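Q: The structure under discussion is supplied below as structure tokens; questions concerning it will follow.
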Amino acid sequence: MRRIAFIAGTIVIAFVAFILARHQSYEPGDLIAGHAKLRGQCATCHQPWHGPASDRCVACHGDIVDVNPHGGYDVTSDSGLIAGRELRFLTRNSEITCLSCHTEHRGRVVDLNTTATFNCAWCHKHPSINEVDEHTVAIMKRGATARTDFLKPFNHFEHKLLIGSHVPAMPGGFKCESCHVVAPTLPLKPEQMTFRWTGCAGTGCHLAPQDSFVQLPASVGPAPEAISYTPRILHLDALFVHSVGHLATPCETCHFAMATSKAPNDLASKQVENCFKCHAHEPTAPAAGTRSTRATFQWLSNGTAMAAVTSATGKSITACGGCHLFHTHGALMKTDFVGTAPEALPNPKPHLTFTIYAPMVDGAHGLEIRPLQISPWLLGWFGLLAAVLCAVTLVRLVPARSGERGVVAGVAPQRTQEVPLIDDTYQTSVRHLYIIGEASGTASINLAMRSGRQVIEAIVAELKRAHPPVDPTVHDVVIVGCGPAGLGATATARSAGLNYVTLEKMTPASTLRAYPRAKFVQATPIAIAEYGSFFLEGDNSREELIQEWERIIATLGLMINDREEVVEILREGDLLSVKTARGNAYRTRAVVLAIGVRGNARHLNLPGEEPGRVFYALIEPSEFQQRKILVVGGGNAGAEVAQALAAAELGNQVGFSFRAAVLANITRENAERISELQRANLLSLYPATALTEIRPGKVVLDPVKNPVVDSLPLDGSIVIDNDIIFAMIGAELPTAFLKKIGVKLVSKGRLGLS
């Protein structure tokens, strides 16, 4: 076992070292060019063990709370977030942060203006262009012109009439390009426009730029070829420039009403054609529910969303980021960040280091004491190495399992326990079949009753979700057993209004009736629906608990079918069919097994183990008088039976055999009572022994192989006179029955008899 543990530990350590040694596990990809100087300085952007932090971005680039429409906005309010999608890295107030959109380690060249705006269609409820009201209007409207260059505001409508009536006719007629010259412009660059003076000058028009209508300064000259100007035109609240593609289209295609404009800022001058008569939106967006940043960037990088390609309709495909930029917004394209980001994080926190003074040899000065700086990472590696060495040492030094835990031939019982596999609602591997109480590992009265209440609450919740059809011939739940767990389940089922039936193999509270008379049983408080608190002061005897049990049943009017043993549970579609020894069948939506284990006593499996000689429970101690009795089993059950039978008035000769060196697994009260009986010569103890043979009128006890008890005077077998044996060595699950109905059992490991 130690060798296997050592080999497994070595493999795990080697695997972890291999994973940690790979460089990709610490830096998954290249940084963008602007962050190239931060390579290897993970703490600049990352918090230890918590990943990147947005406040590190703000420290270098600045905050957008007061300058961006999205800054400081609660995205969980009326934000149009698509159902099933969510943003990550939000603040406590559900506001977006830098990391909600940006990521790193995606290569040295990344179009941040594009990738940072993918959340237009990713977040808001318009993955299709037809879902955006502003994009589907017949006519769009741009902003007003900020200023004009002429003394008298220009009137397009008036000039159209003048040009149309001019004699002789003016070459070219009334066309935009007759007066306006617009140079192609790149995004986010200022517009470059000029007036063609030859389109304004001539007979019947303006003789000079300085006439009474225009009144341009003398510096323009009397007859310039062109007059440059810098217009402050407010375009749409989007990224728009007079690009080569736009200038290839006649001006009047977009500015269709300009010929009727009578002032620079009237409605006709600001009306423009809907852009999406020429442009198409991106073909596809990330699938609904796919929220990973990696999936989004793969979508953005496939080339279709940003490319000016032609769709099947003949329109150019344009994504949201082609017109809308997150950090550049407004009709005048205001930018959030106007300064230049620093090359290093401002006000960096000092790194934690430890200084030790160690002797060092210097060729010039010889041996001297010098300070040595040690980082926490180095200490961590030393700590990991020390932990590995300690683990290896522990594996090699841990002693092998003691002999008392091994299997000894011919000595009973040493079985491998199997228990039902259940989830946190007590449901087994068979759907809608539940096991509670002692069979599920809750032996105390308090916990058993609580498990009964909890399992019915889980069944009620399941029925509310399923909404099964009403059928009076089908029970909501069949409860098998009426011990503490079964009573708790029955009371809760009645309170919840379920259609239930409770089946009991013997009689209600048969678990308590199986206790020895006057056996003390501690009942802790527990609330029972429609009854109140179930609690008796102090230590309570079997008789007192049974009286309280019967009072609960009568008060609540619980319906219990006693003396009806369940023999089979079958699946019928979504229902279960419970069949009993009486020939009855109960169709139900759920079954709760509260059968306990006391009805399946563990046997010695020795020759001579016969009824009348070997008993597995004590009901009435007074039935055994003037007898030679051996009690086997060192738990509380064995100690209590030994006490009851060793009472002086019964006149019995009682021996108490247990495998352990001392009675360590019993209560303090039981231990004190056993000591009193031993000192009074009413009880003989046989520690570290096991019953190995049953003879007529005698029994044989052999010493247990245990180095802890080598000093005890047990050199060989002990033969004592005997009439009766009480095997108080526990009970077993009805394994055959559980396997028959399909319940999966798991091993708890090998257990020795205590």
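The values are calculated or read from the model by the stated rules, or taken from the named source; none is laboratory data. Everything numeric here is computed off the predicted structure, so don't read it as measured data. Here the Cβ is made from the backbone with ideal geometry for all residues, glycine too, and neighbour counts use every protein chain on show. Heavy atoms of the whole protein, side chains included, go into the accessibility calculation; ligands, DNA and RNA do not. Shrake-Rupley method; radii C 1.70, N 1.55, O 1.52, S 1.80 Å.
Q: To the nearest 20 debye, what charge dipole does the range 548-617 have about its Cα centre, counting +1 at the Cβ of each Lys and Arg and -1 at the Cβ of each Asp and Glu?
A: For the range 548-617, the charge dipole is close to 80 debye.
Q: Give the calculated FRET efficiency between Thr555 and Ala661 to the nearest 0.05, with a Förster radius of 56 Å applied to their Cβ-Cβ distance. The partial results should precede the final answer.
A: On the way: r = 49 Å, r/R0 = 0.87.
The pair Thr555/Ala661 has a calculated efficiency of 0.70.
Q: Which order do Ser577, Ser440, Ser622 take when ranked by solvent-accessible area (1.4 Å probe, heavy atoms of all protein chains), largest first? Numbers along the way, then the final one.
A: Values: Ser577 5, Ser440 35, Ser622 70 Å².
Ranked list, largest accessible area first: Ser622, Ser440, Ser577.
Q: What is the spin-label model distance, in nm, from Ile619 to Phe382 if the labels are put 7 Å beyond Cα along the C-beta direction?
A: The answer from the label model is 7.2 nm.
Q: A further question on this structure: Go ahead and run the numbers for FRET between Lys464 and Phe6, Cβ-Cβ distance against an R0 of 60 Å, rounding to 0.05.
A: Working: r = 53 Å, r/R0 = 0.88.
Efficiency computed from Cβ-Cβ geometry: 0.70.
Q: Nearest 0.05, what FRET efficiency do Glu457 and Ala671 give at R0 = 41 Å with Cβ-Cβ as r? If you can, show how the numbers build up before the last one.
A: On the way: r = 39 Å, r/R0 = 0.95.
Efficiency at R0 = 41 Å is approximately 0.60.
Q: To the nearest 10 square angstrom, what accessible area does Leu745 show with a 1.4 Å probe?
A: Near enough 30 Å² of accessible area.
Q: Taking all protein chains together and a probe of 1.4 Å, list Arg39, Arg453 from the most accessible to the least accessible.
A: Working: Arg39 135, Arg453 70 Å².
Descending accessible area places them as Arg39, Arg453.
Q: Please compute the length gained on full extension between Cys251 and Leu372, using 0.36 nm multiplied by the number of residues separating them and subtracting their Cα-Cα distance.
A: Numbers: separation 121, 0.36 × 121 = 43.56 nm, distance 7.44 nm.
Computed gain between Cys251 and Leu372 is 36.1 nm.
Q: Along the Cα→Cβ direction, 7 angstrom out, place labels at Ala259 and Leu236. What is the inter-label distance in nm?
A: Label-label distance for Ala259 and Leu236, simple model: 2.3 nm.
Q: Given the pairs Lys37/Lys189; Lys628/Lys739; Lys152/Lys175; Lys698/Lys744; Lys152/Lys189; Lys579/Lys744, which are separated by over 31 angstrom at their Cα positions? Mind dumping the intermediate values first?
A: Values: Lys37/Lys189 29 Å; Lys628/Lys739 40 Å; Lys152/Lys175 21 Å; Lys698/Lys744 42 Å; Lys152/Lys189 29 Å; Lys579/Lys744 20 Å.
Correct reply: Lys628/Lys739; Lys698/Lys744.
Q: Per residue of the range 51-61, what does 6.51 cos²θ - 1.76 cosθ + 1.60 with θ = phi - 60° give for ³J(HN,Hα)? Whole Hz please, x for Gly and Pro, Karplus curve as stated.
A: Karplus-based 3J(HN,Hα) across the range 51-61 equals x, x, 10, 5, 5, 6, 5, 5, 4, 8, 9 Hz.
Q: From the protein chains alone at 1.4 Å, what is the descending order of accessible area for Phe195, Phe256, largest first? Each step should come with its number before you reach the end.
A: Numbers: Phe195 30, Phe256 85 Å².
The residues order as Phe256, Phe195, largest area first.
Q: Could you tell me the accessible area of Asp471 in Å² (1.4 Å probe, neighbours in place), rounded to the nearest ten?
A: 60 Å²
Q: Let me ask you something else. Full-extension gain between Ser212 and Ala36, please, as 0.36 nm times their residue separation minus the C-alpha to C-alpha distance. If you can, show how the numbers build up before the last one.
A: On the way: separation 176, 0.36 × 176 = 63.36 nm, distance 6.03 nm.
Result for the pair: 57.3 nm of gain on full extension.
Q: Quick one: how many Å² of Thr76 are accessible to a 1.4 Å probe, rounded to 10?
A: Only protein atoms counted, so the area is about 90 Å².
Q: Testing the spin-label approximation: label points 7 Å from Cα along Cα→Cβ at Glu177 and Ser243. State their distance in nm.
A: In this crude label model, Glu177 to Ser243 measures out at 2.0 nm.
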